[in-house]
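The values are calculated or read from the model by the stated rules, or taken from the named source; none is laboratory data. This one's a predicted model, so the numbers in the text were calculated from it and none came from an experiment. All Cβ positions, even for glycine, are placed from backbone atoms using ideal geometry, and neighbour counts span all protein chains on display. Remember, those area values only see protein heavy atoms, side chains included, never the ligands or the DNA or RNA. Shrake-Rupley method; radii C 1.70, N 1.55, O 1.52, S 1.80 Å.
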Amino acid sequence: MRGLLGAAMSACRSCGASIIWAETVNGRRMPLDEDPDPDGNFTLDESHEPPVAEHIAGRMIAPKEERFTSHFATCPDAARFRR
């Protein structure tokens, strides 16, 4: 586990993977894969409680800024939990 400040971390109820619970800029809860992914399309702002996941959507990010992937993109049973 990464030990992010304020991050609600848990295991996926379907596949058991470690996930970080974040909130989108629109206020919806979103699971992210725990480990950073250089190809991920979300950044994580840990200065908020809970952390805020921001979609990159073509914007420039700092080279060392970590990227994350939505767990919905990697979970084999994501459709069962998606709203």
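Just give me the residues in region 22-33 being open to solvent by 10 Å² or more (accessible area, probe 1.4 Å), of a type in the set (A, V, I, L, M) and assigned to a strand (DSSP E or B), in sequence order.
30
In this structure, is residue 73 touching a helix residue (DSSP H, G or I) at 6+ places or on another chain (Cβ under 9 Å) and closer than 17 Å to residue 11 by Cα?
Considered against the rule, which asks whether it is touching a helix residue (DSSP H, G or I) at 6+ places or on another chain (Cβ under 9 Å) and closer than 17 Å to residue 11 by Cα, residue 73 comes out as no.
Residue by residue through region 34-83, note down the ones that are touching a Pro at 6+ places or on another chain (Cβ under 8 Å), part of a strand (DSSP E or B) and surrounded by 16 or more Cβ atoms within 10 Å (Cβ to Cβ).
Selection gives 44, 68, 70.
Which pairs do you get when a residue that is at pLDDT 75 or above, found in region 59-79, comes within reach of a residue that is open to solvent by 40 Å² or more (accessible area, probe 1.4 Å) and assigned to a helix (DSSP H, G or I), reach meaning Cβ atoms under 6 angstrom, with the pair 6+ apart or on two chains?
78/72
So residue 19 ticks every box in (1) within 19 Å of residue 76 (Cα to Cα); (2) open to solvent by 80 Å² or more (accessible area, probe 1.4 Å) but one. Which box is left unticked?
Condition (2) is where residue 19 drops out.
So the check is Cβ under 7 Å with 6+ separation or different chains; which pairs have a first residue in region 14-28 that's within 13 Å of residue 43 (Cα to Cα) and a second one that's among the acidic types (Asp, Glu) and modelled with pLDDT of 90 or more?
Filtered contacts from region 14-28: 20/34; 25/54.
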